[in-house]
Amino acid sequence: MENFLPALLIIGGVIYKIYSEYQKEQEKMRKRRPHIPTAEPVAVPIPPPIAKRPIPPTFQKEHPSMVSKKVEQPVKQRYDIPEEVNRVREQRQHRKIETVDLEHQQKNKVPEFNLRDAVIQAAILERPYK
């Protein structure tokens, strides 16, 4: 605890020295570039939002081409899907289900183990070389 105060004073002195050196460098930079202004925040007034005013009816009558008109959206037509297309879609769906089932079975399939083949392969791999 007795070393706490001197350590705190040393750290404070180091921080003060770094800050004073930084200030000196800033002054040197300002002298080298006198034409560059310092970075001070400038208050920019924010304009109030503009409210939409209704167009007077007299203007609409005098200038009909300048008044925006509502554009009617085209009606989407619904087409009847033929039975053949529905049948092909169902077949594709069944194929996807079958392939997913086959992949699932192959992943869960326990590999076959043949002891005779394992012994032969072990003997081939562990040949005694003289």
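The values are calculated or read from the model by the stated rules, or taken from the named source; none is laboratory data. The structure displayed is predicted, hence computed values, not measured ones. The protein model used for the area step is the full one, side chains on, heavy atoms only, and it has no ligands, DNA or RNA in it. Shrake-Rupley method; radii C 1.70, N 1.55, O 1.52, S 1.80 Å.
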Fully extended contour minus Cα-Cα distance, from Gln106 to Glu90, at 0.36 nm per residue: 3.3 nm
Heavy atoms of the protein only, probe of 1.4 Å, neighbouring chains included. What is the accessible area of Ile124 in Å², nearest 10? 90
So between Met29 and Arg116, what do we pick up on full extension, going 0.36 nm a residue minus the alpha carbon distance? 22.8 nm
